[in-house]
Amino acid sequence: MSDSLFADASQRFAQALKYVQISEDAIEHLKYPKASLQVSIPVRMDDGSLRVFQGYRVRYDDTRGPGKGGVRFHPSVSMDEVQSLAFWMTFKCAALNLPFGGAKGGVALNPKELSKFELERLSRGYIEEIADFIGPDVDILAPDVYTNQMIMGWMMDQYSVIKRKISPAVVTGKPLTMGGSLGRDTATATGAFYVIEAMMPKFGRRPQETTVAIQGFGNAGAELAQLLWQAGYRVVAVSDSQGGIYAAQGLDIPSVRQFKETTRSVKAVYCEGTVCNIVDHEVITNQDLLALDVDILVPAALENQIMAENAANCRAKFIFEVANGPVSAAADAILEQKGCQVFPDILVNAGGVTVSYFEWVQNRSGLYWSLGEVNQRLRQRMVEEAEHIWKIAQELAVSMRTAAYVHAINRLAEALAAKGTRDYYVNGHH
Ligand code: GLU
């Protein structure tokens, strides 16, 4: 096991290199983040005291367009994590052929401990510190773990205040009234659903005979549970950070969601209910959930959930990665031996950033699309790229993950090559 998330992430890139035509220069380029920023954010707390939080923004690569990626509020945020997430965004945007590079940001804190006012001051403070590092043509923010529409709205507003002009295209995933796109809030789950629907028939699978376990009941996990339930899949287990529930006959997802929602506190912006309180089902731990004998396992929480230590316990036949980086490189090898087919994050969860791209396009054109139009374009792109990656996997006889990286690296290599000899001179070799 690698001690750094980034070292682990880099292994996927290295594994795909032998299948692509790429110059040594381009490989050297993609090994390092283009720019990394760490800032201290002073926040006046409600009790009058001052607390300073650590914030980060990494622009990993912008060969194919401005940096793009979410902002995460979580206690485990670090430079290593943000850099890894920015690295994944680079390959995700290339795999989906979005005209963006990869970026990511985060603030290390437990957002559930902050009041709504404190959270707003923190969000505005973060923008205050990174304003010169981002922009609609430079690096565009979006939601990620524990950040949502409301927070994106504050961030967009603060940026506009600093720049003295309304700048909706600097942030995606905004409230609709501030230039958000219809369908962005459900896009990650919807995109993952389209990929599942496109891939399962290749294995002769029908929804009615397919069981699913979902780890994580946030924006992506809860919405995907709903979509799968509606399509007739048997969702037998779900969990959140506090634990999970299991019912062999399948869970009634709308009631689970409603239960979790009813305890949403007005104090802050986070739901304080947990799925564990639904007592008529068997209560399980997150580790139990990952080891369930189900057809499809969906990790939709955080990275590093399936590692060398617990991968052998996994009994699922298919894993669809809705979280970023939930399966480590060492776990990949174990799962492959077990015959478990893993569909990678950079494809499966790319619906979010794809609709972010649509939002950015709408902001810049000033013309807004209907929900039907957004979803139709999302479906088309997700299915087309998923099929392309599937074809690469068959032709090269490699995993879907390696195929997705091959697909992305080919596009990145082409873009780097198209820049010609600029770097050769800029870097002062002549
Ligand atoms: N945070 C999401 C991701 O990891 C969305 C990023 C975006 O929309 O820019 O893909």
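Output the residues belonging to the range 336-381 that are aliphatic (A, V, I, L, M), open to solvent by less than 50 Å² (accessible area, probe 1.4 Å) and in contact (Cβ under 8 Å) with a residue 12 or more places away in the chain. Scanning the range 336-381 gives Val342, Ile346, Leu347, Val348, Ala350, Val353, Val355, Val374, Leu378. Among what's in the range 178-237 and is without any contact (Cβ under 8 Å) to a residue 60 or more places away in the chain and within 14 Å of the ligand (Cβ to nearest atom), pick the residue that is most open to solvent (accessible area, probe 1.4 Å). Per the stated criteria, the residue is Asp185. Counting residues in the range 82-96 that are free of Cβ contacts under 8 Å to residues at least 12 places away in the same chain and among the hydrophobic types (A, V, I, L, M, F, W, C) gives zero.
Which residue out of Gly106, Gly102 is over 20 Å from Asn219 (Cα atoms), in contact (Cβ under 8 Å) with a residue 24 or more places away in the chain, buried (at least 23 other Cβ atoms within 10 Å of the Cβ) and within 16 Å of the ligand (Cβ to nearest atom)? Spell out the reasoning first.
On the way: Gly106 fails: over 20 Å from Asn219 (Cα atoms).
None of the others qualify; the one that does is Gly102.
Would you confirm, using the coordinates I've provided, whether Lys163 is more than 21 Å from Tyr357 (Cα to Cα), open to solvent by 40 Å² or more (accessible area, probe 1.4 Å) and in contact with a strand residue (DSSP E or B) (Cβ under 9 Å, 6 or more places away or on another chain)? It is true that Lys163 is more than 21 Å from Tyr357 (Cα to Cα), open to solvent by 40 Å² or more (accessible area, probe 1.4 Å) and in contact with a strand residue (DSSP E or B) (Cβ under 9 Å, 6 or more places away or on another chain).
Suppose we filter the range 156-172 for residues that are part of a helix (DSSP H, G or I) and away from the ligand (no atom under 13 Å from the Cβ); how many remain? Please lay out each step first, then the result.
Just the residues of the range 156-172 that are part of a helix (DSSP H, G or I), to begin with: 156-163, 168-170.
Filter again for away from the ligand (no atom under 13 Å from the Cβ), leaving 156-163, 168.
Residues flagged as part of a helix (DSSP H, G or I) and away from the ligand (no atom under 13 Å from the Cβ) within the range 156-172 amount to 9.
Cys93 satisfies every condition listed in (1) assigned to a strand (DSSP E or B); (2) open to solvent by less than 50 Å² (accessible area, probe 1.4 Å); (3) of a type outside the set (Val, Ile, Thr) except (1).
Being at pLDDT 95 or above, open to solvent by 30 Å² or more (accessible area, probe 1.4 Å) and in a helix (DSSP H, G or I) is true for just one of Gln38, Gln83, Gln54. Which residue is that? Result: Gln83 is the single residue among Gln38, Gln83, Gln54 that is at pLDDT 95 or above, open to solvent by 30 Å² or more (accessible area, probe 1.4 Å) and in a helix (DSSP H, G or I). When you look at Gly153, is it within 13 Å of the ligand (Cβ to nearest atom) and touching a residue at least 24 places away in the same chain (Cβ under 8 Å), yes or no? Against the criterion (within 13 Å of the ligand (Cβ to nearest atom) and touching a residue at least 24 places away in the same chain (Cβ under 8 Å)), Gly153 does not qualify. Only one of the numbered conditions (1) in contact with a Ser or Thr (Cβ under 8 Å, 6 or more places away or on another chain); (2) at pLDDT 95 or above is violated by Thr186, and that is (1).
Taking the stated definitions as given, is Asn304 open to solvent by 50 Å² or more (accessible area, probe 1.4 Å) and outside any helix (DSSP H, G or I)? I'd like the intermediate steps shown before the answer.
Working: open to solvent by 50 Å² or more (accessible area, probe 1.4 Å): yes; outside any helix (DSSP H, G or I): yes.
So Asn304 passes the test.
Go through the range 1-35 and give me each residue that's outside any loop (DSSP other than H, G, I, E, B) and acidic (Asp, Glu). So that I can check it myself, show each step before the final result.
Initial filter on the range 1-35 (outside any loop (DSSP other than H, G, I, E, B)): 5-17, 24-30, 35.
Correct list: Asp8, Glu24, Asp25, Glu28.
Out of all the residues in the range 130-145, is one or more small (Gly, Ala, Ser), within 24 Å of Ala323 (Cα to Cα) and within 12 Å of the ligand (Cβ to nearest atom)? Checking the range 130-145: at least one residue is small (Gly, Ala, Ser), within 24 Å of Ala323 (Cα to Cα) and within 12 Å of the ligand (Cβ to nearest atom). Taken over the range 308-341, residues that are under 20 Å from Ala16 (Cα atoms), among the charged types (D, E, K, R) and more than 16 Å from the ligand (Cβ to nearest atom) amount to 2.
The set of residues from the range 49-60 being more than 14 Å from the ligand (Cβ to nearest atom) and touching a Lys or Arg at 6+ places or on another chain (Cβ under 7 Å) comprises just one member, Leu50.
Residues satisfying the criterion are present in the range 149-163 (criterion: of a type in the set (Lys, Arg) and more than 28 Å from Pro75 (Cα to Cα)). Evaluating Arg364 against the criteria (1) within 14 Å of the ligand (Cβ to nearest atom); (2) closer than 15 Å to Leu98 by Cβ leaves one unmet condition, (1).
What tally of residues in the range 307-335 results from selecting those that are surrounded by fewer than 22 Cβ atoms within 10 Å (Cβ to Cβ), touching a residue at least 60 places away in the same chain (Cβ under 8 Å) and small (Gly, Ala, Ser)? Residues that pass the stated criteria total 3. Looking at this structure, is Lys112 assigned to a helix (DSSP H, G or I), open to solvent by 30 Å² or more (accessible area, probe 1.4 Å) and out of contact with any Gly (no Cβ under 8 Å at 6 or more places or on another chain)? Yes, satisfied.
The values are calculated or read from the model by the stated rules, or taken from the named source; none is laboratory data. Remember, it's a predicted structure, so these values are computed and weren't measured experimentally. Reconstructed Cβ throughout: ideal geometry from the backbone, glycine too, with neighbour counts over all protein chains shown. All accessible areas refer to the heavy atoms of the entire protein, side chains included, with ligands and DNA or RNA removed. Shrake-Rupley method; radii C 1.70, N 1.55, O 1.52, S 1.80 Å.
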